[in-house]
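Trainee: The structure is given below, and queries will be raised subsequently.
The values are calculated or read from the model by the stated rules, or taken from the named source; none is laboratory data. Since this is a predicted model, take the numbers as computed values, not measurements. Here the Cβ positions follow ideal geometry from the backbone for every residue, glycine too, while neighbour counts run over all protein chains shown. What goes into the accessible areas is simple: the full protein's heavy atoms, side chains included, and nothing from ligands, DNA or RNA. Shrake-Rupley method; radii C 1.70, N 1.55, O 1.52, S 1.80 Å.
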Amino acid sequence: MTASDQLSEPTATDCKCLWCGRSIRYDSSFKEMFFIDDVICSRCRQKLSARRQMFKVEGISIEGFYVYDGLVRDMLLQYKENCDEALFLVFLYPFIREMKRKYRGYTLVPVPSSDEMMNKRGFRHVNKMFSLLDLPTCDLIEKTDNVEQKKSSSRQEIGRHFRLNAELSATTEKILLADDIVTTGASMVSCYRLLKQKYAEISCLSVSYSRQFSRKLFIFTKN
Ligand SMILES: [Zn+2]
């Protein structure tokens, strides 16, 4: 079978966009042929408009992929609050190949949610999104309480919600600290500082970040 025969196979026409329900190859564009594993259509993908960048919070560099706004916010809320687990593939899909290369040899440490929220969802939403990286995962940080922190919590208060899990150790020296949203950065910074007590090399990644950080961007450079 030639490459052109494979491309004309109708298999992908059965795939529906997880967001709008259109066929993923509805306009049969050349580009879509090569994004055939995507779970949303090119129109929804374009609307998501990734803005990958690095920003700093209290001197700590965090890499983010989307401004938390518009369709990104809608999809994340549908995924998290309405427990639409199938959407886990959407967010990091365009970056997977490069991220797998970049973070080879790291252990993934998710910023934890409260047990209350985790039980409500029935799945661990951050772990699930970052599972695409195929990294060993270790819950080195745990919540000290079971309730979600209030948005109005101060940095100091948020810091008190986390502690290092003394019983666990990562099997690698490098840590990838990951979250779904950086709103003020307080949770990420608190977790980073806890991990820094034991690990020298920590990278911070967040699927999305609040608009305030998009003004503080500096140029993202590939490794
Ligand atoms: Zn769509």
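Trainee: With all protein chains present, calculate the accessible area of L89 using a 1.4 Å probe and round the result to the nearest 10 Å².
Mentor: We get 50 Å² for L89.
Trainee: Going by a ≥ b ≥ c, the root eigenvalues of the Cα gyration tensor, does the stretch 51-216 fall in the rounded group (a/c under 1.5), the prolate group (a/b larger than b/c) or the oblate group?
Mentor: Cα axes put the stretch 51-216 in the rounded bin.
Trainee: For I60 and L168, calculate 0.36 nm times their separation in residues minus their Cα-Cα distance, and state this gained length in nm to one decimal.
Mentor: Residue separation times 0.36 nm, minus the Cα-Cα distance, leaves 36.5 nm.
Trainee: Among the listed pairs K80/K196; K100/K198; K100/K174; K56/K80; K120/K143; K102/K196, which have their C-alpha atoms separated by more than 18 angstrom in this model?
Mentor: Exceeds cut-off: K80/K196; K100/K198; K56/K80; K102/K196.
Trainee: Could you check the spin-label model distance between D139 and E81? Points 7 Å from the Cα along Cα→Cβ, value in nm.
Mentor: Distance between label points: 2.5 nm.
Trainee: At a probe radius of 1.4 Å, what is the per-residue accessible area of D145, in Å² to the nearest 10?
Mentor: Approximately 40 Å² for this residue.
Trainee: Which GluC sites (Glu not before Pro) from the stretch 49-114 combine a DSSP loop assignment with at most 13 other Cβ atoms within 10 Å?
Mentor: The qualifying sites are E58, E81.
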